[in-house]
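First up is the structure itself, then whatever we jot down about it.
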C-alpha cells in the first residue's frame, strides 16, 4: 500500500478516499492520529484501514483504487507499473547495479549500526519498514511499546528485523528501502554502510 500511497496527491486525497466509500471524519481522524508522520505514511495507513475493512480480494481492491484515481483525475499508469513485482533476474540486476553505483559491500547489517541507521530513517519509518517486509501491525505494536521514544522504537523494529531475517538482513535491502522513500538521504546512508562495522 505504501507504493500506491506515493501516487495519491495531497490536494485530492480526501476526494480519492471518499470515492472508496470512506467518510471524511475517518480520513481526518487517521491523519490526526498520525500527524507526526509524513503525508505518504498517513495515506499508507488510511489505505491499510480501508483494505482491512474490505470483503474482497487484493485484485478487486486494486481495481477500486484505479477507479478512484481515475475519478479524481489521478493517473494510475506509473503506479501500476511500479507495484508489478520484478522477476528474479530483474531484481538481481537492480541489486547488482546498486552495489556497483554505491560500492556498498554485500554484507548483513549488524547491531552496532542500528542506532545510526535508525536515526536517518526520520518520519518515514512506516513506509521504510513496510519496504523491509514488516507489517503495519508490527510497526503499531512497536509504537505502543515505545510511546514517545521514537528512536528507541525504530531501533526495536530494526533489531526485530535483524533477528527475523538473519542472513537476509542485507545492507543492500536497507539501501533499497531508503531509495524507495525518496525523501530520505540515502547518500548519507551509503557513507555509513561503507564503514567497517564493529560486530
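The values are calculated or read from the model by the stated rules, or taken from the named source; none is laboratory data. In this text the structure is predicted, and so the values were computed from the model without any measurement. Virtual Cβ from ideal backbone geometry, glycine too; neighbours counted across all protein chains shown.
Could you say whether any residue in the stretch 152-167 is in the same structural domain as residue 123 (by the TED database), touching a residue at least 60 places away in the same chain (Cβ under 8 Å) and buried (at least 17 other Cβ atoms within 10 Å of the Cβ)? Scanning the stretch 152-167 turns up no residue that is in the same structural domain as residue 123 (by the TED database), touching a residue at least 60 places away in the same chain (Cβ under 8 Å) and buried (at least 17 other Cβ atoms within 10 Å of the Cβ). For the stretch 52-106, the candidate set comprises residues that are outside any helix (DSSP H, G or I) and touching a helix residue (DSSP H, G or I) at 6+ places or on another chain (Cβ under 6 Å); within that set, the residue that is modelled with the highest pLDDT is 72. Residue 131 - would you say it is under 16 Å from residue 38 (Cα atoms) and touching a helix residue (DSSP H, G or I) at 6+ places or on another chain (Cβ under 7 Å)? Taking the combined requirement at face value, the residue satisfies it.
A quick yes/no check of all residues on (1) assigned by the TED database to the domain that holds residue 150; (2) surrounded by fewer than 18 Cβ atoms within 10 Å (Cβ to Cβ); (3) out of contact with any strand residue (DSSP E or B) (no Cβ under 6 Å at 6 or more places or on another chain):
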{"residue": "28", "(1), (2), (3)": "no, yes, yes"}
{"residue": "41", "(1), (2), (3)": "no, no, yes"}
{"residue": "44", "(1), (2), (3)": "no, no, yes"}
{"residue": "50", "(1), (2), (3)": "no, no, yes"}
{"residue": "60", "(1), (2), (3)": "no, yes, yes"}
{"residue": "92", "(1), (2), (3)": "yes, yes, yes"}
{"residue": "105", "(1), (2), (3)": "yes, yes, yes"}
{"residue": "114", "(1), (2), (3)": "yes, no, yes"}
